[in-house]
Amino acid sequence: MIDLFAALIAFFGVRIAGHPADEEHPFGHGKAENIAGMVEGVLIFLGAALIIYQAVGKMMTGVSIELVELGLAAMLISIVVNVLVARHLYRVARATDSLALEADADHLRADIYASVSVILGLAAIRLGLLFGVEQLTILDPLVALGVAFLILRTAYRITRKSFGGLVDTRLPRSEEDRIIESITEHYRELVGFHALRTRKAGGERHIDLHLEMAKSVSLEEAHRICDHLEKDIEEKLSHTSVIIHCEPCHSECRQCAVMCAERDSSPGQVGPRP
């Protein structure tokens with residue numbers, strides 16, 4: 001039931017996040033995916049807590065296992081279905097950069113590991129019953145505890161990643177390096193850059209920065225450079241919105257590669273200012 005509710009939450013989260021920006025949400029609805037991921041993580045935490053509660057209760061009151069074969073069949077079917085759905089979700093999540101779909105795929109992957117653990121536990125119990133070793137039934141709550149901690153680990157990962165988007169955590173360093181790489185490719189047209197800020201809302205990346213240009217650059221030329229840079233960044237990072245603020249360089253000159261009457265034309269390297 002928790003898997004069903006989690007899937008429904010992911011479904012509605014993705015649908016809402018797909019709505020275009022409007023007057024009340026000028027930055028779009030991407031954070032709906034982060035909220036869906038948070039809710040899904042909380043549901044998984046609750047499910048794990050329920051499993052732990054029941055497992056501890058069985059260990060204290062005794063374990064009675066029935067219909068082991070039916071349980072094994074249910075787990076085998078569950079594994080096949082979850083493998084197929086999780087693989088599809090991962091493909092779509094990578095293509096759309098969807099946090100909600102990735103969270104749901106992670107959830108299903110944890111279910112696959114859990115199902116394998118349950119099968120091993122039930123198989124051991126069945127063998128024990130065949131040979132009259134009823135004490136092996138204790139494996140049922142022990143495996144349940146292992147499954148619960150595996151689910152808790154997945155819930156923590158989903159919640160942590162979803163929460164990062166809600167509080168506007170910066171993009172991973174590898175992605176910021178690709179942004180800086182795009183900027184430095186234009187170093188003969190730029191003096192430098194600073195105030196680079198990045199964040200992610202659902203599958204949408206938001207980037208803003210300040211570019212320093214030579215004072216002699218016209219407004220039309222500055223606009224052309226910014227358009228070109230925005231396209232370069234969007235080619236390296238999909239689903240990206242870039243805002244660039246242009247400003248003239250400071251009067252005190254330093255070595256750089258920009259061809260400017262006030263600057264040395266010898267090559268240098270553009271870079272971020274503190």
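Spherically averaged projected area of the convex hull of Cα atoms, the chain: 19.1 nm².
Given the -39500 (n - 2.57) contribution per DSSP H run of 4+ residues, what per-residue ellipticity at 222 nm results for the chain, rounded to the nearest 500 deg cm²/dmol?
On the way: 7 runs with 166 residues, N = 274.
Taking each H run of at least 4 residues, the total per residue is -21500 deg cm²/dmol.
For the chain, the share of DSSP beta bridges that are antiparallel, to the nearest 5, is 45%. Are there DSSP H segments in the chain that both extend 24 Å or more along their axis (alpha-carbon positions) and score a mean Kyte-Doolittle hydropathy of at least -0.5? List them, or say none. Sorted by number, the helices that extend far enough and score high enough are 31-61, 68-96, 99-130, 139-166. Sorted largest first, the principal axis extents computed over the alpha-carbon atoms of region 1-103 equal 60, 28, 16 Å. Computed over the chain, relative contact order equals 18 percent, with contacts defined as Cα pairs under 8 Å that lie 6+ residues apart.
Rounded to the nearest 20 Debye, what is the dipole magnitude of the chain about its Cα centre when Lys and Arg each give +1 and Asp and Glu each give -1 at the C-beta?
800
Close amide H pairs (under 5 Å, H built 1.01 Å from N) link Ser241 with Arg205, His206, Ile207, residues at least 5 positions away or on another chain. Values of log10 I(q)/I(0) for region 170-251 across q = 0.13, 0.14, 0.19 Å⁻¹ run -0.38, -0.44, -0.78, by the Debye formula with one identical scatterer at each alpha carbon and no solvent. Straightening the chain between Lys231 and Lys215 buys 3.4 nm, computed as 0.36 nm per residue apart minus the Cα-Cα spacing.
Given the pairs Lys200/Lys231; Lys161/Lys236; Lys58/Lys161, which are separated by over 25 angstrom at their Cα positions?
Details: Lys200/Lys231 18 Å; Lys161/Lys236 22 Å; Lys58/Lys161 34 Å.
In this structure, Lys58/Lys161 lie more than 25 Å apart at Cα.
Throughout, read-outs are computed from the coordinates displayed, never taken from laboratory work. Source: prediction; values computed, not measured. Because the Cβ atoms are built from the backbone with ideal geometry, glycine has one as well, and the counts that use them run over all protein chains shown.
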